[in-house]
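Read the structure below first, then the notes.
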Amino acid sequence: MTFYDFLLNIQYIPKTKIKYYQYWVSAYKEYCKSYSINYADNHSIDRYKHYLGKLKEEWQVKQAVEAIRYLLYYESKMRNKDIVVENDAKSYWEEIEREMIKLLRLKHRSLKTEKSYIGWLRRFRSYIKYKKQCDIEPEDLKQFLSYLAIEVRVAKSTQNQAFNALLFFYRHILNKDISGLKEVVRSKEKRRLPTVLSPEEVMSLLGNLQGECRLMASIIYGAGLRLQECLNLRVKDIDFKREAMYILDAKGDKSRQALLPKNIIGELKLHLNKIKKIHEDDRREKIPGVAMPDALKNKFKSVNEKWEWFWVFPSHRLSVDPVTKTVRRHHVYPSTLQRSFQKAVSEAGISRRVTIHTLRHSFATHLIENGYDIRVVQDLLGHANLQTTMIYTHVASVTTRGIKSPFDTITPLS
């Protein structure tokens, strides 16, 4: 496969543009040759970028750098295409995987993070054809990240997730640091506005849910929670007097205080009275207490049997704890609400793509439309960066500014 074929068939660059990419690659090689520098070196790319910046438009510099990164990825791909996997490599990598799981648990990473990191480790080991630990270099990570952007075409957030997982692997398993990531081909960020339901659509959707699924969905919309934040709620996290909920160890290990809507309080109290009987039955049958945060499970041996630590939404079946292998009661599984929710969306006649997270988007948008300050919304959502919250202003702006289409100012044709 030639570089031309690579650009045409892998990256799907139009034929009319390929000549420009080939021109930039040739010009770059000539530049490096004239200065006797290695064209695959990071510093060479930086020098050429600085040189072009004085002569060309910004978009041309960007295109040139992209072409160079594609070239370096293509050449690496061609060098590695004939590598053969050794017979004992798989068992060797199984030991690496066990060591990584052990370290993740020692560092108290969540089970969700553990599964994600191990998933990326497996994809990476397949990509580098099960190399031995001593043969793995930072260059392998750079090529894998470029592969995700060029051939798999993952989103920017997915590429960042892969990088975080493998950075952990390099630092804590290989004891190698990573630098010089400038030649990595970055996934293009696609900015999409979130789907938002109107208040009437939210009420119609909730009206098609029953029981605890309706209560969970009401809490998610009423407080702007993520699905997992709702499922992780403990009895102690509900403060009826202050009409608040405490979201602990949420995304990014951050905690915050969320709203407890007044319209939910009565139904929530009835629900807690109902599940208290489940808790009492578990104690009578001497079922092990619920899973606890790592910082507390060793310090307080029996606190996980206390009512205040019980799940607000416990599962009706016992299950095996994937970490400790203890048979105990977990919270409701996400799929329980997800299945009922999708059925309710269909019954409500909503034709757009709607997920449970849409309720959180709707919560934020409706607050902004009602005139609340963007920083208040940021705190309620638990966003570290205000720019993340600002996207809801784009969804709400058309209605809040009172903008009218020019078509509404003319008399329609009869």
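Quick note: the coordinates plus some simple rules give every number you see, no bench work behind them. The model shown is predicted, which means the values in this text are computed figures rather than measured ones. In this analysis, Cβ positions are derived from the backbone assuming ideal geometry, glycine residues included, and neighbour counts consider all displayed protein chains.
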What full-extension length gain, to one decimal in nm, is calculated for Lys343 and Glu97 as 0.36 nm per residue of separation minus the Cα-Cα distance?
84.7 nm
Where in the chain are the helices, taken as whole DSSP H runs, whose Cα atoms extend 15 angstrom or more along the long axis and whose Kyte-Doolittle mean reaches at least -1.0?
58-80, 89-106, 111-127, 156-172, 211-223, 334-347, 357-369, 386-400
Please give me the summed charge of the neighbours of His271: other residues whose Cβ is under 15 Å from its Cβ, Lys and Arg +1, Asp and Glu -1.
+3
Yeah, region 199-398 with a ≥ b ≥ c from its alpha-carbon gyration tensor (a/c under 1.5 is rounded, else prolate when a/b outruns b/c, oblate otherwise) is prolate
For a Förster distance of 25 Å, can you work out the FRET efficiency between the beta-carbons of Asp239 and Val320, rounded to the nearest 0.05?
0.15
Regarding region 3-80, what are the three Cα extents along the principal axes, ordered largest first, in Å?
32, 30, 16
Tally of Lys pairs whose C-alpha atoms are under 16 Å apart, taken over region 89-172, 8 or more apart or cross-chain:
9
Extension gain from Glu58 to Glu267, taking 0.36 nm per residue of separation minus the Cα-Cα distance
69.4 nm
Proxy exposure order for Lys102, Lys142, Lys276 (fewest C-beta within 10 Å first) is Lys102, Lys276, Lys142
Work out the charge dipole of the chain with +1 on the Cβ of Lys and Arg and -1 on the Cβ of Asp and Glu about the Cα centre, then indicate which of Leu248, Ala384, Ser34 is farthest towards its positive end.
Leu248
Region 89-172: radius of gyration and largest Cα-Cα distance (Dmax), Å
12.5, 35
Work out the FRET efficiency for Gln133 and Thr113 from their Cβ-Cβ distance, taking R0 = 25 Å, and round it to the nearest 0.05.
0.65
Please give the Cα centre distance for region 98-164 versus region 8-75, rounded to the nearest Å.
28
Which residue, chosen from Asn9, Ser351, His50, occupies the Cα position most advanced towards the positive end of the dipole of the chain, where the dipole is computed from +1 (Lys, Arg) and -1 (Asp, Glu) charges on Cβ about the Cα centre?
Ser351
Place a label point 7 angstrom from the Cα of Leu167 along the Cα-to-Cβ direction, then list the residues of region 377-395 whose backbone nitrogen is under 20 Å away.
383-388
Please get the size of the charge dipole for the chain, origin at its Cα centre, with Cβ charges of +1 on Lys and Arg and -1 on Asp and Glu, quoted in debye to the nearest 20.
260
Which of the peptides 107-115, 343-351 is most tightly packed, and how do the rest follow, judged by the mean count of other Cβ atoms within 10 Å per residue?
343-351, 107-115
I'd like the per residue volume of the convex hull spanned by the Cα atoms of the chain, given in cubic angstrom.
229
Under a crude label model (7 Å from the Cα following the beta-carbon direction), how far is Lys286 from Lys90 in nanometres?
4.4
Rel. contact order, % - alpha carbon contacts under 8 angstrom, at least six apart, region 198-257
16
Once normalised by the length of the chain, the mean sequence separation of its alpha carbon contacts under 8 Å that are 6 or more apart gives a contact order in percent of 14
With each pseudo-label sitting 7 Å past Cα toward Cβ, what's the Met78-Met390 distance in nm, one decimal?
4.3
List the relative contact order of region 3-80 as a percent without decimals, with contacts defined as Cα pairs under 8 Å and 6+ residues apart.
33
With Cβ to Cβ distances under 11 Å as the rule, what net charge do the other residues near Ile128 carry (K, R +1; D, E -1)?
+1
For a paramagnetic label modelled at 7 Å from the Cα of Thr2 toward its Cβ, which residues of region 18-36 fall within the zone defined by backbone nitrogen distances under 20 Å?
18-30
Near Ile220, within a Cβ-to-Cβ distance under 9 Å, what is the net charge of the other residues, with Lys and Arg +1 and Asp and Glu -1?
+1
